Amino acid sequence: MGQKKLERFAEIETFPNVLIYPEGMQGKWHEFFKNNHPVTLELACGKGDYTLGLARLSKDQNFIGVDLKGNRIWRGAKTALEESLSNVGFLRTQIDKLNNYFAPGEIKDIWITFPDPFLRNSKSKKRLTHPKFLQLFQPLLAPGATINLKTDSPQLYTFTQEVISAAGCTLIEDIPDVYALPEVPPLLKIQTYYEGMHLADGRTIRFLKFQLPATPLDWRSIKLPSDEATAGGED
């Protein structure tokens, strides 16, 4: 590991807005933020560009960027401290461990911005909109919570459309080209470093917003058209 990464790992351990594999946080995020405002997550947040952008727009809400890579979290957390954004926090952990850190109904919304699309069908269960993840998220979401996907990947976009239909989710917004809109909504104007690169490459940015069904999900019972290509694959 490079010296700069080592220094950043050491520094985030001193940041008051970063928690690293914390214990006993379920139901206690109001204590961390010192208010009772609703909590929104950005998953696989990277440098936290979207977490910061959301927080700047909505000071009456709390935002947590979740990522495993401390070197990336360092940048977002440092910016939040420099800008005195008290409604921003960062959680370093694996996304599939979220139920260790949040109580039922504690999450208002989830944002997934430019995640790894895991293009090989055999890796589909690693996609953050796969039913396996939606089942994990479901009990943690407050009534009326939304999941928001912003992506440059046509494959992930189409896959998520499949999931929304097959899992009985409620589709709220489906925007096949965000920047073709006559007026881009403020929440979608936020750009990550990678989005800027994608736009410079001429890629189309897509957006889906949906709600999970009220009935409990069983991801193994949800059949997707793409499942046929991965029959007999990993659980």
The lone exception for Leu43 - which of (1) surrounded by fewer than 16 Cβ atoms within 10 Å (Cβ to Cβ); (2) modelled with pLDDT of 95 or more it fails: (1)
Among the residues of the range 210-227, what is the count of those that are among the polar types (S, T, N, Q) and either more than 20 Å from Gly105 (Cβ to Cβ) or open to solvent by less than 30 Å² (accessible area, probe 1.4 Å) (or both)? 2
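Helices (runs of 4 or more DSSP H) wholly in the range 1-73 with at least 2 residues that are aliphatic (A, V, I, L, M) and farther than 22 Å from Asp96 by Cβ - which ones? Before you say what the answer is, go through the steps one by one.
Details: elements: 3-12, 29-33, 49-57.
So the answer is 3-12, 49-57.
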So Lys78 fits all but one of (1) over 20 Å from Leu140 (Cβ atoms); (2) in a helix (DSSP H, G or I); (3) open to solvent by 80 Å² or more (accessible area, probe 1.4 Å); what number is the exception? (3)
Hits in the range 91-116 (condition: in contact with a Phe, Trp or Tyr (Cβ under 8 Å, 6 or more places away or on another chain) and under 28 Å from Leu199 (Cα atoms)): Ile95, Ile110, Trp111, Thr113, Phe114
The lone condition Ser124 fails out of (1) open to solvent by less than 40 Å² (accessible area, probe 1.4 Å); (2) more than 29 Å from Phe102 (Cα to Cα) is (2)
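Looking at Lys125, Lys108, can you tell me which residue is within 21 Å of Trp29 (Cβ to Cβ) and basic (Lys, Arg)?
Working: Lys125 fails: within 21 Å of Trp29 (Cβ to Cβ).
It is Lys108.
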Picking from Leu98, Leu81, Leu85, Leu6, the residue that is aliphatic (A, V, I, L, M) and under 22 Å from Thr129 (Cα atoms) would be Leu98
Among the residues that make up the range 192-202, is at least one of them at pLDDT 95 or above and of a type in the set (Asp, Glu)? no
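The values are calculated or read from the model by the stated rules, or taken from the named source; none is laboratory data. Values in this document were obtained by computation on a predicted structure and should not be read as measured data. Here Cβ is always computed from backbone atoms with ideal geometry, including for glycine, and neighbour counts include all displayed protein chains. Surface areas here come from the heavy atoms of the whole protein model, side chains and all, with no ligands, DNA or RNA. Shrake-Rupley method; radii C 1.70, N 1.55, O 1.52, S 1.80 Å.
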